[in-house]
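What follows is a single structure, written as structure tokens, with notes after it.
The values are calculated or read from the model by the stated rules, or taken from the named source; none is laboratory data. Since the model is a prediction, treat every value here as computed from it, not as a measurement. Here the Cβ positions follow ideal geometry from the backbone for every residue, glycine too, while neighbour counts run over all protein chains shown. The accessibility values were calculated without ligands, DNA or RNA, using every heavy atom of the protein model including side chains. Shrake-Rupley method; radii C 1.70, N 1.55, O 1.52, S 1.80 Å.
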Amino acid sequence: MKAVISAVAHHVPEGVYDNVWFESKLDTTDEWITSRTGIKERHFAFEGGLTDILLPSAQKVLKQRGLKPEDIDIIIVATITGDRVFPSSAAILQRKLGAINAWGFDLAGACSGFLYALVTGAKFIESGAGKRVLVLGGDKMSSILNFEDRTTCVLFGDGGGAVLLEAGEDDSYGILDHILRMDGKGEAYLHQPAGGSLKPPTVESVLNREHYVYQEGQFVFKSAVKGMADVSFEIMERNNLKADDIAWLVPHQANLRIIDATAARMGLPHDKVMINIDRYGNTTAGTIPICISELHEMKKVKKGDYLVLSSFGAGYTWGSVLIRWSIDT
Ligand code: UT7
């Protein structure tokens with residue numbers, strides 16, 4: 001039995017902040033941000049928490065399938081910016097949604113969080129442990145950005161999305177294959193210095209601005225280009241798929257240059273690569289569900305299409321997932 005995506009939706013907060021907004025605050029330019037990253041604007045929610053961003057997607061997914069909140073068995077939230085350290089955002093979302101029969105948990109896979117969660121959710125379906133699994137990915141990156149650090153704050157945005165996983169009727173559709181990787185040596189180059197049990201919050205940690213994203217961009221860039229391209233190519237090869245067989249590469253949206261390198265390695269033309277980094281920036285665990293949802297909304301993906309999802313992020317964590325789309329358009 002294979003798990004299929006039976007519904008998908010996304011949501012971003014209303015507030016839009018373009019590159020020019022940063023020009024008045026920092027020593028940066030629209031030209032630098034656009035040419036180095038591909039980002040033109042991003043959404044920030046300076047009020048509310050992650051579950052306020054995710055709740056509309058969860059509700060839309062239920063509506064698409066004509067289900068009630070009590071029909072959900074399991075909720076998995078991929079994020080590194082949950083409403084609180086505890087309880088989980090899955091529990092908070094369960095209450096807000098009224099999903100009284102669901103259990104669930106958060107999963108901290110950073111930019112690869114959604115792929116980790118998708119594969120985990122699929123395993124519950126395949127094993128029969130759950131019939132309807134709600135998998136959400138999203139981040140409120142504005143809550144951990146140092147708006148005085150031009151090397152990081154221009155890169156990220158807030159947003160997320162949700163998919164519903166159910167058992168498919170035909171094993172040639174759904175989540176067909178995955179490659180998930182991790183290398184803890186990446187911690188040195190991308191992390192949040194304080195706020196966890198290693199360095200709990202103190203007046204000093206706040207004054208030193210240690211509760212924000214720390215990134216050595218060039219190191220991460222080099223590993224990301226290789227990591228994302230390798231697993232995307234490998235999943236094609238081992239499933240005997242050629243570039244012509246693939247309808248869409250759906251990459252994590254951290255940097256247009258990383259996306260281009262991945263597509264080139266796969267031999268995919270530009271028009272088969274889902275790109276929305278220009279409008280949302282890097283929403284961490286939110287990028288891939290937002291991309292899938294937009295493809296679906298715009299009717300650019302049809303039943304039977306092969307999609308390769310791929311990501312690279314903090315940990316390091318990275319991976320690729322092969323999906324054969326099963327929703328009729
Ligand atoms: O999703 C999580 C995984 N993260 C990633 O995949 C991110 C990977 N890394 C990257 O995308 C890129 O490394 C960045 C976009 C973060 C940076 O681009 P880069 O081409 O690697 O630039 P750089 O870090 O080498 O910086 C080049 C110059 C530096 O100035 P100097 O030292 O050459 O004088 C930076 O200080 O650009 C400067 N710079 C900026 N200038 C204007 C850095 N940020 C900015 C800025 N505006 N916002």
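Tabulated data for the structure shown
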read-out	value
GNM top mover of Asp177, Asp73, Asp271 - the chain, alpha-carbon springs below 10 Å	Asp271
Solvent exposure of the chain as accessible area per residue, Å², 1.4 Å probe	43 Å²
Magnitude of the charge dipole, the chain, Cβ model with Lys/Arg +1 and Asp/Glu -1, debye to 20	420 debye
Shape box of region 210-329 [Cα atoms, principal axes, largest first, Å]	47, 29, 21
Equivalent ellipsoid semi-axes - Cα gyration tensor, region 61-117, angstrom	21, 14, 9
Alpha-carbon centroid distance for the pair region 119-135 / region 254-282, whole angstrom	29 Å
Whether the chain is rounded, prolate or oblate, judged on the alpha carbon gyration tensor where a/c under 1.5 counts as rounded	oblate
Approximate shape of region 20-107 as ellipsoid semi-axes (Cα gyration tensor, √5λ), whole Å, largest first	35, 15, 11
Leading residue at positive end of dipole, region 1-73 (Cβ point charges), from Leu62, Thr37, Val4	Val4
Quotient of Cα Rg and 2.2 N^0.38 Å for region 3-167, N being how many residues it contains	1.12
Residue-averaged 222 nm ellipticity for the chain, from DSSP H runs of 4+ at -39500 (n - 2.57), nearest 500	-9500 deg cm²/dmol
Mean separation of Cα contacts under 8 Å, 6 or more apart, over the residue count of region 174-324: relative contact order %	37 percent
Heavy-atom accessible surface of the chain: percent carbon and sulfur, 1.4 Å	51 percent
Of the DSSP H helices in the chain, those whose Cα atoms cover at least 27 Å axially and whose Kyte score averages -0.5 or more	217-238
Residue pairs, from the table Lys2/Lys222; Lys131/Lys303; Lys123/Lys199; Lys40/Lys96, whose Cα atoms sit over 29 Å apart	Lys2/Lys222; Lys123/Lys199; Lys40/Lys96
